Every structure is written in structure tokens, then in C-alpha cells.
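Here is the structure we will look at, set down as C-alpha cells.
The values are calculated or read from the model by the stated rules, or taken from the named source; none is laboratory data. None of these values were measured; they are calculated from a predicted model. Because the Cβ atoms are built from the backbone with ideal geometry, glycine has one as well, and the counts that use them run over all protein chains shown.
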Amino acid sequence: MGTPFLQALRACLGDANVLVDGDMDAYEVDWRKRYRGRALAVARPASTAEVASVVRLCAAHAVPIVPQGGNTGLVGGGVPDASGRMLVLSLARMQQVRRVDPDNLTATVEAGCVLHALQAAADAHGLLFPLRLGSEGTCTIGGNLASNAGGTQVLRYGTARELCLGLEVVTAGGEVWDGLSGLRKDNTGYDLRDLFIGSEGTLGIITAATMKLHPRPGWTLTALAACPGIDAAIGLLRTARARLDAGLTGFEVIEGFALQLLARHFPQLRQPLHAPGWAVLLELAADDQASAERRLHAVLGDATARGLVTDAVVAGSLAQARELWQLRESIPLAQAREGLNIKHDIALPVSAIADFLREMDATLHTLVPGLRPVVYGHLGDGNLHFNLQAPQDMPAAVFLDRHEAALNQRVHDAVVARGGSFSAEHGIGALKAAELARRKSPVALAMMRAIRQALDPQGLLNPGRVLPPA
Ligand code: FAD
Ligand code: MLT
Ligand code: ZN
């Protein structure tokens, strides 16, 4: 039977949609296996009305809630803490595509809709939903918006925030805010939508969203280029931007050691370039095949003549393009197989990136001899994944325990000194809540706390995440 709370929850959702004990395992551990908590129960509502009922029940019984979508988040914000008191509110059963409006270029979907399903729904109408992440087969639109996900097309189409026009949200009091506008212009007071985007489940539960669609490009072309160093990769970016302008849809970098990890853990993936110092994965969109090829060859020809590119392959088919993208998207998995690591998801002005990397190269090895940086990311929008793997002979647990705090401080100091951000696209979650409290100004922190207090006065929405307890 359980407690009065669990009885009421079962009466609301049915026994099959309230999980307890051993049935909760997959909901209690994050993708990286860095956070393993214990939940009171897992609730699996199927509609906005059911979400609202669950939230009202939680408010009445003072039960803290952790919302969960696809559970692919990388900052420990979507799994319960160790207290055994939190209810995991899974949106996984709310997957409907409610409406695609081709004239308005919008789609309205429920929060648990998997990103890939929205891409497919847009495609079925000859349109494009351009958010693209390595986790797109599992992550959900609700999670994408709650964490303001970025991914590989940001330089052309923006982050999840820029792709969202409207939201439906269940408030901490269990009321439903219907803000599912499909308008591009609406200046009627404070922008509530933008408040919830990126709030990581701490201000309300996103139950549905209206997202922007785009016309599908006539032709897309992908290439992988070898660059002798990061300065050359940045030179190639400048050239590509100048020649392609809005036609440049992807510009990813991968440092040589990340490719070595791929070769070690995914030997079945073909690597077409021979041991490059840096590789750049470039994607462009054009009206047709001939103009795409002409424009790409102009970029690569120009960059090769200037010594920025030493070798390159251009995908000759969709399958080859997929293979090149698979290389890039498999890096987080290869790194996970190598062992638990320290992730730095940083944003910098592109003009500061080479200097930042030089400073890291010169200083971090003195802190931890043998340290193995794994560097890759979305150079086109200034977002690097500057991850640190333990020295070969040091167990990952020892590495994290002894060195994580000092390495974080050194890396984030260098980022902030250059006007950068210590969380570009993954959010704050549990992992970086203390860092946020340390690095945000007192004015910013006070405003954040005031917003949270106003929207969630009982402090039941994802407590301890984003902002640590006061
Ligand atoms: P979850 O992990 O379930 O939750 C994430 C956060 O949002 C949690 O704080 C949770 O409480 C909250 N939340 C979830 N749903 C809701 C809701 N409906 N209402 C309110 N709060 C909610 N991220 C990028 O930005 N760019 C990338 O390129 C990228 N690539 C990735 C590649 C891999 C292989 C993996 C594993 C992850 C990657 N991620 C990336 C991180 C992650 O996939 C994204 O952050 C994604 O947006 C999370 O979606 P999710 O549904 O899995 O959310
Ligand atoms: C990526 O760009 O691959 C993701 O943000 C995931 C990661 O950094 O692990
Ligand atoms: Zn990323």
C-alpha cells in the first residue's frame, strides 16, 4: 500500500505508472554514471492534467520533485539526490506531436517527445527542425528546453531557446500556464517563456512547447578537414564564414587525442584522415548539389593554399556524411569508455580560444603530470568541450577526488578572465551549483533567488540544483 502520498499518487496515475523500489533503477542514475541517487518513487503521468495533479499532491505533502525527460543530461540535474525523499516526475509518456503548422513554420509537441521524433515530424512535412545533438535518439524536447541545449547547428539556427516560440508549464502550485503561442512577435509584458527555458526544472514543469521549423535546405554537404593546429582551424572558420555566410550550418573541431580514443574504443568507425593534429567537421547547406560542391571546394581550396588545411575528404553520399558525423558524435561515448572524466563545457569568444588552449597546455600538466585533455566541440559558436581524462596510471576515482577542484578552478579562472562562460550548453544541475554561487555576482544571485522564491515558495522543484541552498 505505502504512505498516504503513494496511495494518492496511485489513485491519480494508476498502479502501473507509479514505480518504486527495484523498478526505479534506470531513473536513479545519470548517463555518465556520476550521480546515483535514491527516489521516493517515479511518477509517469500521461497528460498535462495528470502532471498538474501530481504537482498539487507533492505541494500538499511537501514532496520535492525532480523532473526527468530522456535522462541524458550531463550535469546531474535530472536524477534524485541520495535522500530517498524526491519524486522523479518522468515526462516520458507525454510524446504526442500535437500539431505541425507548415504555414506558420511551427510544431507543437508534448515535453516527452524525443528530439528525433520532432525532427522526423518536420521532415514528413518537407521542413527542418534544426536542433541536433548526439543524444537526439533519447533526449526530449522538455529536457532540451529545460537545459537550453545547443548542439551542432547553433552557429546557423541558435540554441533551443532561439527555436522556441511558446510553452505550456505546470507551476509549482499545480496550475497550468498555457503560453503555447506560435507568434514571432509578442511584447505583452515579461517574457515568461524565456524564464522557464534553461531553468532546469527549478521553476516549473514544461509539459508542451511550440517550436520553430525552417525550410529544408535543397542540398547539404559534409567534409572533414585536417588542420595543423587550433589557429589554422580558426583561420578555416573565418574563411568558411566569409565564403558561405548563412550557408555554413556546422563547424566542429576534434583534437587528435579525441580521435585516438575513438580508434581505441570504436575501431569499427573508419577514420579517413591520417593522424591529424586537429580535424574540422564542416557542414554547409545550399540550393542544389552543384552550388554546394562549388562553394565547399572554394573554401577548402582557399584554406589549403594558405596552409590552414593539409588534407580533406568530402562526403560523396548521405551515408558517408552520416559516417563523418558518427565520428564526432561518438566522442562522448569513447570518453566514457576510457573512464570517468572531468568535463568542462566552456564558451569563449572565438578570438580567445587559441590563447586559452595555450595557457592550459602550459599550466595544467604542472598540476597533474600525465593529465590527458580531450578537446572537441562546437568551434563555430565558441563552445569547447575541454575535458580532462586521468593520467593513464591513475584510477579515475582518485583523479576526481584529488584534482577535480583545483583543475576546475584553473580552467574556469582562465575562461572567465577571457570573458567566457563555465557552462555553455549543458547547464548547472548539481555538478556546477556551487561554482555558480561562487562566480555569479551578488546582484545576479539575488535576482535568481528572488525569481525562484516567487515561483516556487515551498522550494520543492529540483532543490539543490542550479542554486545551492541559501
Ligand atoms: P534530462 O537529462 O532528463 O533532464 C535535463 C534537465 O532538465 C534536468 O535538470 C531535468 O530536471 C530537467 N527537465 C527535463 N525535462 C523537463 C521538463 N519537462 N520540465 C522541466 N524540467 C525538465 N547537450 C547539448 O547541449 N549539446 C550537445 O551537443 C549534447 N550532446 C550530447 C551527447 C550525448 C551522447 C549525451 C549523452 C548528452 C548530450 N547533451 C548535449 C546533453 C543532453 O542530451 C541535453 O542536455 C538534453 O537537452 C537533455 O535532454 P533530456 O530529455 O535527456 O533531459
Ligand atoms: C557533445 O558536443 O558531444 C556534447 O555536448 C556531449 C559531451 O560533451 O559529452
Ligand atoms: Zn556539445
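What the table below lists for this structure:
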item: Identity of the residue in the range 11-33, within 30 Å of ALA396 (Cα to Cα) and buried (at least 18 other Cβ atoms within 10 Å of the Cβ), that ends up farthest from the chain's Cα centre (by Cα); result: MET24
item: Candidate set: the range 401-423, residues that are more than 16 Å from ligand 1 (Cβ to nearest atom) and of a type in the set (Gly, Ala, Ser); chosen: the one nearest to the chain's Cα centre (by Cα); result: GLY420
item: Exclusive hit being modelled with pLDDT of 95 or more, part of a strand (DSSP E or B), within 16 Å of ligand 1 (Cβ to nearest atom) and under 20 Å from ARG34 (Cα atoms), set HIS385, HIS426; result: HIS385
item: Filter pass, ARG44 being of a type in the set (Lys, Arg) and either crowded, with 21+ Cβ neighbours inside 10 Å or within 16 Å of ligand 2 (Cβ to nearest atom) (or both); result: yes
item: Hits in the range 377-399 (condition: of a type in the set (Phe, Trp, Tyr) and surrounded by 24 or more Cβ atoms within 10 Å (Cβ to Cβ)); result: PHE386
item: All positions within the range 133-162 that are within 21 Å of MET94 (Cα to Cα) and surrounded by fewer than 24 Cβ atoms within 10 Å (Cβ to Cβ); result: LEU133, SER135, GLU136, GLY137, THR138, ASN148, ARG161
item: Sole exception among (1) within 16 Å of ligand 3 (Cβ to nearest atom); (2) touching a residue at least 60 places away in the same chain (Cβ under 8 Å); (3) farther than 23 Å from THR222 by Cα for LEU145, by number; result: (1)
item: Boolean, GLU175 is acidic (Asp, Glu), more than 9 Å from ligand 1 (Cβ to nearest atom) and over 16 Å from ILE428 (Cα atoms); result: yes
item: Among the candidates LEU327, LEU340, LEU281, residue that is within 16 Å of ligand 1 (Cβ to nearest atom), in a helix (DSSP H, G or I) and closer than 30 Å to LEU407 by Cα; result: LEU327
item: Residue in the range 53-61 that is among the hydroxyl-bearing types (Ser, Thr, Tyr), within 13 Å of ligand 1 (Cβ to nearest atom) and surrounded by 19 or more Cβ atoms within 10 Å (Cβ to Cβ) present; result: no
item: The lone exception for GLY370 - which of (1) within 18 Å of PRO395 (Cβ to Cβ); (2) away from ligand 2 (no atom under 13 Å from the Cβ); (3) surrounded by 15 or more Cβ atoms within 10 Å (Cβ to Cβ) it fails; result: (3)
item: Matching residues in the range 56-83 - criterion: being touching a strand residue (DSSP E or B) at 6+ places or on another chain (Cβ under 9 Å) and among the small types (Gly, Ala, Ser); result: GLY69, GLY70, GLY77, GLY78, ALA82, SER83
item: Answer from GLY166, GLY137, GLY173 - the residue that is part of a loop (DSSP other than H, G, I, E, B), free of Cβ contacts under 8 Å to residues at least 60 places away in the same chain and away from ligand 3 (no atom under 15 Å from the Cβ); result: GLY137
item: Options TRP325, TRP278: the member that is within 16 Å of ligand 3 (Cβ to nearest atom) and hydrophobic (A, V, I, L, M, F, W, C); result: TRP325
item: Among the residues listed as THR152, THR159, THR72, the single one being within 21 Å of ASP30 (Cα to Cα), within 16 Å of ligand 2 (Cβ to nearest atom) and not in a strand (DSSP E or B); result: THR72
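Table: residues versus (1) among the charged types (D, E, K, R); (2) within 17 Å of the chain's Cα centre (by Cα).
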position: ALA336; (1), (2): no, yes
position: ASP361; (1), (2): yes, no
position: ASP381; (1), (2): yes, yes
position: PHE399; (1), (2): no, no
